[in-house]
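Right, one structure below, let's go through it.
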Amino acid sequence: MKTLFKALVQTLLVALLVGTLCFFMTRLLPGDTAYRIAAGRYGYDMVDAAAAQAVRIELGLDRAPLAALADWWSRLLRFDLGVSLVTAQPVIDEIRLQLGQTLRLSLMAVLLSLPLGPLPGVLAGLRPGGWFDRVNLALSVLLRALPPFVLALLLVLAFAVQMQALPAAGHADRGSLMLPALTLALGLAAVSSRVARDAMMGVRTSSYYAFALGKGLSASQALLRHGARNVATPVVAYTAVQLVYLVEGVVLVETIFAWPGIGHALVHAIFARDVPMIQGTALVLGLMFVLFNCVVDLACAALDPRARRA
């Protein structure tokens, strides 16, 4: 109950903070917002000052900033994210179509990161300082140092251009989810691998693990019965920190691979100066981070009985 209440408070704070910051940051962008929106509707060749002024009056862009912000807050309390300034469709309907694709991509990235990160980390922690541990460390540092867009381009060159095994972009072809999900998964695995390795080293040197071996259990039995849960707890807990990478990477990766998700929609909304769409998509990304953190806290409590008693 305490975790759910904490998540509710964080949700309210994120909604107000993200919406307010997006509103003022969009207003501070250079250029004429009304002209950009009119150009998106009619094309740059058909736009003049009169058309931009008509759009400004139609959409209320001539209102005082504080009045427009107060109106957005009041609509947010009614769960109304407004109407897109470009498509004239409700923002909530636009996001509903894109959110499923983003969640699908994020879930696949997390699932792919599990065999690529924690599993090699546990194997490295069983023999610290060995050749596998050194190779794992080098790969983890390299993958974590590469920005997501560089990693995405390398994967496209390898799997789409050279091997022609996967589509380079889009979402219609079978297998189009693999490259964007793998891009995010490799970044997540780079950190979770080292966390799992350090956790495994701590388990190996613990008294309960030595006692399990002393009473006749094999190394694999001791690991499964007494080590797996103790290794999983810090890995799951650190996942909350990695979620920043996941939410941040979704924006870049969806744009590079033309994946029709929230991040892709946010980039297009920024170029079009679509303030309600920017606020709505940024708000959903922030709420995704709060939701993922809540799930991680509940998972940690389920793995560690001491956390539940505390």
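Within region 145-158, can you find the residues that are assigned to a helix (DSSP H, G or I) and under 17 Å from LEU179 (Cα atoms)?
Selection gives PRO148, PHE149, VAL150, LEU151, ALA152, LEU153, LEU154, LEU155, VAL156, LEU157, ALA158.
What helices (runs of 4 or more DSSP H) completely inside region 204-298 contain at least 3 residues that are open to solvent by less than 30 Å² (accessible area, probe 1.4 Å) and hydrophobic (A, V, I, L, M, F, W, C)?
Correct list: 228-256, 262-272.
Listed here are the residues, each with its yes/no results for (1) at pLDDT below 75; (2) in a helix (DSSP H, G or I); (3) under 14 Å from PRO276 (Cα atoms).
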| position | (1), (2), (3) |
| --- | --- |
| THR3 | yes, yes, no |
| LYS6 | yes, yes, no |
| LEU17 | no, yes, no |
| THR26 | yes, yes, yes |
| PRO30 | yes, no, no |
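Given (1) in contact with a helix residue (DSSP H, G or I) (Cβ under 9 Å, 6 or more places away or on another chain); (2) open to solvent by less than 50 Å² (accessible area, probe 1.4 Å), identify the lone condition not met by ALA67.
All conditions are met except number (1).
Quick check on region 159-170: of everything there that is among the aliphatic types (A, V, I, L, M) and in a helix (DSSP H, G or I), which residue is farthest from PRO115 (Cα to Cα)?
This residue is VAL161.
Let me spell it out: the conditions are (1) modelled with pLDDT of 75 or more; (2) surrounded by fewer than 13 Cβ atoms within 10 Å (Cβ to Cβ); (3) among the hydrophobic types (A, V, I, L, M, F, W, C), and MET46 meets all of them except one. Which number is the exception?
The one condition MET46 does not meet is (1).
Of all residues being touching a helix residue (DSSP H, G or I) at 6+ places or on another chain (Cβ under 8 Å) and aliphatic (A, V, I, L, M) in region 120-141, which is least open to solvent (accessible area, probe 1.4 Å)? Just the residue, please.
By that ranking, first place goes to ALA124.
Residue-wise test of (1) aromatic (Phe, Trp, Tyr); (2) over 24 Å from GLY261 (Cβ atoms).
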{"position": "PRO148", "(1), (2)": "no, no"}
{"position": "LEU166", "(1), (2)": "no, no"}
{"position": "SER176", "(1), (2)": "no, no"}
{"position": "VAL191", "(1), (2)": "no, no"}
{"position": "VAL195", "(1), (2)": "no, yes"}
{"position": "PHE211", "(1), (2)": "yes, yes"}
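Any residue in region 183-201 that is at pLDDT below 80, over 20 Å from the mean Cα position of the chain (by Cα) and open to solvent by 70 Å² or more (accessible area, probe 1.4 Å)?
No, region 183-201 contains no residue that is at pLDDT below 80, over 20 Å from the mean Cα position of the chain (by Cα) and open to solvent by 70 Å² or more (accessible area, probe 1.4 Å).
Here's the yes/no breakdown for (1) of a type outside the set (A, V, I, L, M, F, W, C); (2) part of a helix (DSSP H, G or I); (3) at pLDDT 85 or above:
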residue: LEU119; (1), (2), (3): no, yes, yes
residue: PRO128; (1), (2), (3): yes, no, no
residue: PHE132; (1), (2), (3): no, yes, yes
residue: ALA172; (1), (2), (3): no, no, no
residue: SER176; (1), (2), (3): yes, no, no
residue: PRO180; (1), (2), (3): yes, yes, yes
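Could you please let me know if THR87 is open to solvent by less than 60 Å² (accessible area, probe 1.4 Å) and either at pLDDT 75 or above or not acidic (Asp, Glu) (or both)?
Considered against the rule, which asks whether it is open to solvent by less than 60 Å² (accessible area, probe 1.4 Å) and either at pLDDT 75 or above or not acidic (Asp, Glu) (or both), THR87 comes out as no.
Restricting to region 42-87, name every residue that is closer than 19 Å to LEU266 by Cβ and not in a helix (DSSP H, G or I).
The answer is LEU81, GLY82, VAL83, SER84, LEU85, VAL86, THR87.
Using the structure shown, decide if ARG229 is within 26 Å of the chain's Cα centre (by Cα), under 28 Å from LEU246 (Cβ atoms) and at pLDDT below 85.
yes
This table checks each residue for (1) in contact (Cβ under 8 Å) with a residue 24 or more places away in the chain; (2) closer than 26 Å to THR33 by Cα.
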| residue | (1), (2) |
| --- | --- |
| LEU188 | yes, no |
| SER218 | no, no |
| GLY227 | yes, no |
| PHE257 | yes, no |
| ALA265 | yes, yes |
| ASP274 | yes, yes |
| GLN279 | yes, yes |
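Would you be able to say whether some residue in region 98-112 is part of a helix (DSSP H, G or I), in contact (Cβ under 8 Å) with a residue 40 or more places away in the chain, of a type in the set (Gly, Ala, Ser) and open to solvent by less than 70 Å² (accessible area, probe 1.4 Å)?
Yes, because at least one residue in region 98-112 is part of a helix (DSSP H, G or I), in contact (Cβ under 8 Å) with a residue 40 or more places away in the chain, of a type in the set (Gly, Ala, Ser) and open to solvent by less than 70 Å² (accessible area, probe 1.4 Å).
What are the pairs, 6+ residues apart or on separate chains, where a residue within region 147-175 that is closer than 27 Å to LEU97 by Cα and free of Cβ contacts under 8 Å to residues at least 60 places away in the same chain has its Cβ under 6 Å from a residue that is of a type outside the set (A, V, I, L, M, F, W, C) and open to solvent by 60 Å² or more (accessible area, probe 1.4 Å)?
Pairs that qualify, where the first residue is closer than 27 Å to LEU97 by Cα and free of Cβ contacts under 8 Å to residues at least 60 places away in the same chain and the partner is of a type outside the set (A, V, I, L, M, F, W, C) and open to solvent by 60 Å² or more (accessible area, probe 1.4 Å), are PRO167/ASP173.
Does region 142-154 hold any residues that are among the small types (Gly, Ala, Ser) and either open to solvent by 50 Å² or more (accessible area, probe 1.4 Å) or on the phi > 0 side of the Ramachandran plot (or both), and which are they?
Selection gives ALA145 alone.
The values are calculated or read from the model by the stated rules, or taken from the named source; none is laboratory data. Bear in mind the structure is a predicted one, so any value in this text is a computation, not a measurement. Ideal geometry is used to build each Cβ from the backbone, glycine not excepted, and the neighbour counts take in all protein chains shown. Please note that ligands, DNA and RNA were not included when accessible areas were found on the heavy atoms of the full protein model with its side chains. Shrake-Rupley method; radii C 1.70, N 1.55, O 1.52, S 1.80 Å.
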